[in-house]
């Protein structure tokens, strides 16, 4: 339950935008499927299967937070009369940019699921599971291949968002550099395999490199660059993205252990069993008793851990104070992001967009999905 009224309103706007984005993505995929690439019937059949799976994967229930940041990053630069029920019209290029961000997101999820060995994504089989029935290697190969293809489709869509070549060049450079840094962040993530070497500082660096850039900064910058926002405003958005992105990921990590599986669309045990690097884990090792540390280590990174041991580890996280600590840190970063958004007032920018950025920062640490 979001107690902050601005957060409640931002959540409602996000849900409205998600519906519109799903309609647009559905149309986009239908057009791609209609192209039916291939030089013989067998190839055409395979490509059709790939595109149909990609459409289904991309249209699974999702927050669409990234595409909403594109929209509101753009709206920020439009000095329109404030309207909480503003309809977005004559923004085809901006919507295409938002679609591109969602395509890139789906591609990276496919790669991420392959690296993590996940079987479920948003309540449905991951790409390697979909293609790998009876042949795991083929499934893994297809997850990489299909992810690469959708990544390119995303870049292609991004090139269609403006006729201004200089603007497109800067947007592409922003997105490509952001994805590159996200890849470096992922490499850092998978290298942090020894629990005793993981610190709070390393966790925050990881969240900044992956989530802050990829989920917040890149889409906001795309929208802001399309709107022609000045450099000083882009710098404020970058600062907002760091704090907001860290808060977002900290909440994701809490949900990854304690979330409702139907709502989060995956197992609430997988983060622990896969040895995911989180602040929860770090703080148990710093603050917990020997018994609590032992309970965590019994399941962290142990894919075959028993249910009773998993529940004991979750209890240890709570009783050690690690859960409360992580939640409080997330709220601190969310408050910093909200304050940064509020600092945009009085600069001749769109007030509705500022409201959204401030409200969504608060909502992201109260959400259940």
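The values are calculated or read from the model by the stated rules, or taken from the named source; none is laboratory data. Every value quoted in this text rests on a predicted model; they were computed, and no experiment measured them. Neighbour counts run over all protein chains shown; Cβ positions are idealised from the backbone, glycine included.
Restricting region 244-267 to residues that are crowded, with 18+ Cβ neighbours inside 10 Å and not in a helix (DSSP H, G or I), which is modelled with the highest pLDDT?
259
Of the numbered conditions (1) surrounded by 14 or more Cβ atoms within 10 Å (Cβ to Cβ); (2) in contact (Cβ under 8 Å) with a residue 24 or more places away in the chain, residue 129 satisfies every one except a single condition; which is it?
Evaluating residue 129 over (1) surrounded by 14 or more Cβ atoms within 10 Å (Cβ to Cβ); (2) in contact (Cβ under 8 Å) with a residue 24 or more places away in the chain leaves (2) as the failure.
Just for region 336-349: of the residues that are touching a helix residue (DSSP H, G or I) at 6+ places or on another chain (Cβ under 8 Å) and either without any contact (Cβ under 8 Å) to a residue 40 or more places away in the chain or not assigned by TED's automatic domain parsing to the domain that holds residue 220 (or both), which one is surrounded by the most Cβ atoms within 10 Å (Cβ to Cβ)?
Looking at the filtered set, the residue picked out is 338.
What are the residue pairs meeting all of these: first residue in region 30-43, first residue on the phi < 0 side of the Ramachandran plot, second residue outside any helix (DSSP H, G or I) and at pLDDT 95 or above, Cβ atoms under 8 Å, and 6 or more apart or on different chains?
Once the first residue is on the phi < 0 side of the Ramachandran plot and sits in region 30-43, no partner that is outside any helix (DSSP H, G or I) and at pLDDT 95 or above comes close enough.
Out of (1) more than 17 Å from the chain's Cα centre (by Cα); (2) crowded, with 18+ Cβ neighbours inside 10 Å, what's the single condition that is false for residue 277?
Result: residue 277 passes all but (1).
Can you find even one residue in region 207-215 that is under 21 Å from residue 117 (Cα atoms) and modelled with pLDDT of 95 or more?
Taking region 207-215 first, the residues under 21 Å from residue 117 (Cα atoms) are 207, 210-211.
Among the residues that remain, those that are also modelled with pLDDT of 95 or more are: 207.
Scanning region 207-215, I find at least one residue that is under 21 Å from residue 117 (Cα atoms) and modelled with pLDDT of 95 or more, so the answer is yes.
Of 329, 277, 299, 281, which residue is within 30 Å of residue 240 (Cβ to Cβ), outside any helix (DSSP H, G or I) and touching a helix residue (DSSP H, G or I) at 6+ places or on another chain (Cβ under 8 Å)?
277
Any residue in region 105-126 that is in contact with a strand residue (DSSP E or B) (Cβ under 8 Å, 6 or more places away or on another chain), more than 18 Å from residue 66 (Cβ to Cβ), crowded, with 22+ Cβ neighbours inside 10 Å and modelled with pLDDT of 95 or more?
Checked region 105-126: at least one residue is in contact with a strand residue (DSSP E or B) (Cβ under 8 Å, 6 or more places away or on another chain), more than 18 Å from residue 66 (Cβ to Cβ), crowded, with 22+ Cβ neighbours inside 10 Å and modelled with pLDDT of 95 or more.
Matching residues to (1) outside any helix (DSSP H, G or I); (2) modelled with pLDDT under 95; (3) touching a strand residue (DSSP E or B) at 6+ places or on another chain (Cβ under 9 Å):
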| position | (1), (2), (3) |
| --- | --- |
| 12 | no, no, no |
| 17 | no, no, no |
| 27 | no, no, no |
| 38 | yes, yes, no |
| 60 | yes, no, yes |
| 79 | yes, yes, no |
| 89 | yes, yes, no |
| 96 | no, no, no |
| 101 | no, no, no |
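Can residue 180 be described as surrounded by fewer than 17 Cβ atoms within 10 Å (Cβ to Cβ), modelled with pLDDT of 95 or more and assigned by TED's automatic domain parsing to the domain that holds residue 228?
yes
Out of 217, 262, 290, which single residue is out of contact with any strand residue (DSSP E or B) (no Cβ under 9 Å at 6 or more places or on another chain) and without any contact (Cβ under 8 Å) to a residue 12 or more places away in the chain?
Being out of contact with any strand residue (DSSP E or B) (no Cβ under 9 Å at 6 or more places or on another chain) and without any contact (Cβ under 8 Å) to a residue 12 or more places away in the chain holds for just one of 217, 262, 290, which is 290.
Can you find a residue that is within 24 Å of residue 101 (Cα to Cα), free of Cβ contacts under 8 Å to residues at least 40 places away in the same chain and surrounded by 17 or more Cβ atoms within 10 Å (Cβ to Cβ) anywhere in region 185-204?
Yes: region 185-204 contains one or more residues that are within 24 Å of residue 101 (Cα to Cα), free of Cβ contacts under 8 Å to residues at least 40 places away in the same chain and surrounded by 17 or more Cβ atoms within 10 Å (Cβ to Cβ).
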